[in-house]
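What follows is calculated from the coordinates using simple rules that are stated; it is not laboratory data. Computed from a predicted model, the values in this text were never measured in an experiment. Virtual Cβ from ideal backbone geometry, glycine too; neighbours counted across all protein chains shown.
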Amino acid sequence: MKILLLGSGGREHALAWKISQSPLLGKLFIAPGNAGTSQFGDNVPLSVNDFAGIRKFVLETGIDMLVVGPEDPLVKGIHDFFLADNELKKIPVIGPTAAAARLEGSKDFAKQFMVRHGIPTAAYETFDPSTLKEGLEFIRSLKPPYVLKADGLAAGKGVVICQSEEEALDELTAMLKDAKFGQASARVVVEEFLSGIECSCFVITDGNSYLVLPEAKDYKKIGEGDTGPNTGGMGSVSPVSFADEAFLKKVEERILKPTVEGLKNDGLDYTGFIFAGLMNVKGDPFVIEYNCRLGDPETESVIPRIKNDLIELLVAVAERKLDIQTIQIDPHVCATVMLVSRGYPDAYEKGKTISGEKKVEGSLVFHAGTAIKQGELITNGGRVIAVTSFGKSMHEALALTYSNAEKIEFEGRYYRKDIGFDL
Ligand code: AMP
Ligand code: GLY
């Protein structure tokens, strides 16, 4: 089988690593990929949003399946693009259609979906520029802190948590009146603040049945102790100690199952991964957000724990036969730490030489922002390299990850030394 995987982050390196272990693989292509993915297949210099370029490549190369890593092409309708094309429509796409990807692409859509299907989430109201006045009044009726969410995709920056009423009023005005996040903040969800500890849960679905994948915890803040600005993610662990059997049962019954059924009842065809970002509020799960894809760096800790042949699962999704599959999970703990460039998530430099990667022993190395220039491995992004290890305990997995992370060097390297601190 020939597979084209879209994306270029640590998630895609982890997926490429796993896909390449399957005897069902003929050849893997990754567009655009990174220096890490090129160890498992051919990188193709195409942007994930270049649908015409992808079409040409898929047809010329005889690709049998498209696996979409990031949300952007899904929200922009890559799956619909394939379905609408006579030559492409027979090629299965792992990732939802645009209508279903609104679970991630529109916060307001996701909130309405959850309310409609009785899925626990924070109370909310949605405002647009014509209802700014009502929005400001709504904020005045709430207690701090305030949670404001730009409706559309805003490169992970669209959620703002304000500690004071004044700040929240200014923020809502900036989003709606001054289009702070452009078209993404043409509508804004204002919601109740949920207090608790977060956890990421995943299913793979063929639109009918689903399999629950291992849960993970992601560390989004740049600074130790969860301080400073949000990033794409600085590390992850799986499993999550507080997500015991009783909690995970609630997650499946109250959230994952009703989500898949809700999509089906709403006539939204979904093939691929669903990511539910949850808050554990005193033992009860609430949905903070949905994503229409796997998380990064959650994937780096989740995928290594899946013992199944991944292609077999993806084919089952494509053939709508996921009901006859079962998931096999490695009980060991996986812990991932992300090495990032100095300055990230703000401005940072690229092109720094990376050394020491070959000295890593006993851990997996997943590239995120890397490239090869004149035969040399260099940094090519804010998040550069993820190091993942297995252990009998989180402590053991982290100790191995940190000892190997230290060996990988580049100018301005930074990583959080406290991943898992709250578990
Ligand atoms: P996102 O950019 O959608 O991943 O959201 C960023 C972060 O905002 C989440 O990971 C949570 O930590 C936080 N957050 C979002 N919604 C809420 C809420 N209703 N209550 C508390 N924290 C929230
Ligand atoms: N790690 C969070 C995300 O992928 O959105």
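On the first, second and third principal axes, largest extent first, how far apart are the outermost C-alpha atoms of region 253-327 in Å?
Extents along the principal axes, in whole Å: 37, 32, 19.
Quick check: net charge around ILE91, other residues with Cβ under 11 Å of its Cβ, Lys/Arg +1 and Asp/Glu -1?
Residues near ILE91 contribute +1 overall.
Students often forget the sequence filter, so: which lysines lie under 26 Å Cα-Cα from LYS407 once same-chain residues fewer than 8 apart are removed?
LYS18, LYS217, LYS220, LYS221, LYS350, LYS352, LYS358, LYS359, LYS373, LYS392, LYS417
What residues from region 106-145 fall in the zone where the backbone N is under 13 Å from a label point 7 Å along the Cα-to-C-beta line of ASP284?
Zone members listed by number: 119-123.
Under the rule that an exposed site lies in a DSSP loop and has at most 15 other Cβ atoms within 10 Å, name the longest stretch of the chain with no chymotrypsin sites (Phe, Trp or Tyr not before Pro) of that kind, not counting the sites themselves.
Answer from the scan: 1-192.
Using all alpha carbons of the chain, what is the percent of pairwise distances in each 10 Å bin, ordered from the shortest bin to the longest?
In order of increasing distance, the bins hold 5, 22, 32, 28, 12, 2 percent.
Over all directions, average the projected area of the Cα convex hull of region 222-296 and note it in nm².
Quarter of the Cα hull surface area: 6.1 nm².
Springs between alpha-carbon atoms under 10 Å, Gaussian network over the chain: tell me which of LEU142, LEU310, LEU377 tops the mean-square fluctuations.
So, out of LEU142, LEU310, LEU377, the one fluctuating most is LEU142.
Just to check, using Stokes-Einstein with a Kirkwood Rh over alpha carbon pairs, what's the diffusion coefficient of region 132-183 at 4 °C and 1.567 mPa s in µm²/s?
Working: Rh = 11.1 Å.
Taking Rh from Cα pairs, D becomes 117 µm²/s.
Just flag the GluC sites (Glu not before Pro) in region 188-261 sitting in loop per DSSP whose Cβ has no more than 16 other Cβ atoms within 10 Å.
GLU192, GLU224
What span do the alpha-carbon atoms of region 136-257 cover on each of the three principal axes, reported in whole Å from largest to smallest?
Principal-axis extents of the Cα atoms in region 136-257, largest first: 43, 37, 27 Å.
Placing +1 at every Lys and Arg Cβ and -1 at every Asp and Glu Cβ, with all other atoms neutral, what dipole size does region 47-199 have around its Cα centre, in debye to the nearest 20?
340 debye
Relative contact order of the chain: what whole-number percent is it, with Cα pairs under 8 angstrom and at least 6 residues apart?
Computed over the chain, the figure is 17 percent.
Which order do VAL44, VAL240, VAL190 fall in if you start with the one that has the fewest other Cβ atoms within 10 Å?
Listed from fewest to most nearby Cβ atoms, that is VAL44, VAL190, VAL240.
Take ALA155 and LYS392, extend 7 Å from each Cα along the Cα→Cβ direction, and tell me the distance between the two endpoints in nm.
Label-label distance for ALA155 and LYS392, simple model: 4.6 nm.
For LYS27, list long-range residues whose amide hydrogen, built 1.01 Å from N in the peptide plane, is under 5 Å from its own amide hydrogen.
HN-HN under 5 Å from LYS27: LYS2, ILE3.
If I stretch the segment between ALA186 and ASP85 completely, what's the gain in nm (0.36 nm per residue apart, minus their alpha carbon distance), one decimal?
33.2 nm
How about region 313-395: which GluC sites (Glu not before Pro) there lie in a loop by DSSP and see at most 14 other Cβ atoms within 10 Å?
GLU319, GLU349, GLU361
Can you list the equivalent-ellipsoid semi-axes of region 331-423, largest first and in whole Å, using the square root of 5 times each Cα gyration tensor eigenvalue?
Semi-axis lengths for region 331-423 are 24, 15, 9 Å.
May I ask you to list the trypsin sites (Lys or Arg not before Pro) in region 60-102 that are in a DSSP loop and have at most 15 other Cβ atoms within 10 Å of their Cβ? List each step's numbers first, then the result.
Values: sites: LYS76, LYS89, LYS90, ARG102; in loops: LYS76, LYS89, LYS90.
Filter output for region 60-102: LYS89, LYS90.
Suppose the chain between ASP244 and ALA123 were pulled fully straight at 0.36 nm per residue; how much longer would it get relative to their current alpha carbon spacing? Intermediate results must be reported in sequence, preceding the final value.
Working: separation 121, 0.36 × 121 = 43.56 nm, distance 2.60 nm.
That pair, ASP244 and ALA123, stretches by 41.0 nm at full extension.
Sticking to Cα atoms, compute the Rg of region 48-135 to one decimal and its Dmax as the biggest Cα-Cα distance, whole number, in Å.
That works out to 17.2, 55 Å for Rg and Dmax.
If you take the beta carbon distance between GLU252 and GLU376 as r and set R0 to 56 Å, what does 1/(1 + (r/R0)^6) give as a FRET efficiency, to the nearest 0.05?
The calculated FRET efficiency here is 0.75.
Identify the residues of region 289-308 with backbone N under 16 Å of a label point that sits 7 angstrom from the Cα of LYS220 along the Cα-to-Cβ direction, or state none.
Inside the label zone: 289-299.
Give me the distance in nm between label points sitting 7 Å out from Cα along the Cα-to-Cβ direction at ASP42 and LEU24, one decimal.
About 2.3 nm, to one decimal.
Beyond 23 Å, how much of the Cα-Cα pair distribution for region 1-116 remains, as a whole percent?
Here the tail beyond 23 Å accounts for 30 percent of pairs.
Evaluate the charge dipole of the chain about its Cα centre and quote only its size in Debye, nearest 20, assuming +1 on the Cβ of each Lys and Arg and -1 on the Cβ of each Asp and Glu.
Roughly 620 debye, rounded to the nearest 20.
Give the total of Lys-Lys pairs in region 78-159 with Cα-Cα distances below 19 Å; include a pair only if its members are 8 or more places apart or on different chains.
7
Residue by residue through region 96-104, which ³J(HN,Hα) values in whole Hz follow from phi under the Karplus form 6.51 cos²θ - 1.76 cosθ + 1.60 (θ = phi - 60°), with glycine and proline marked x?
Calculated HN-Hα couplings, in order: x, 6, 4, 4, 7, 5, 4, 3, 9 Hz.
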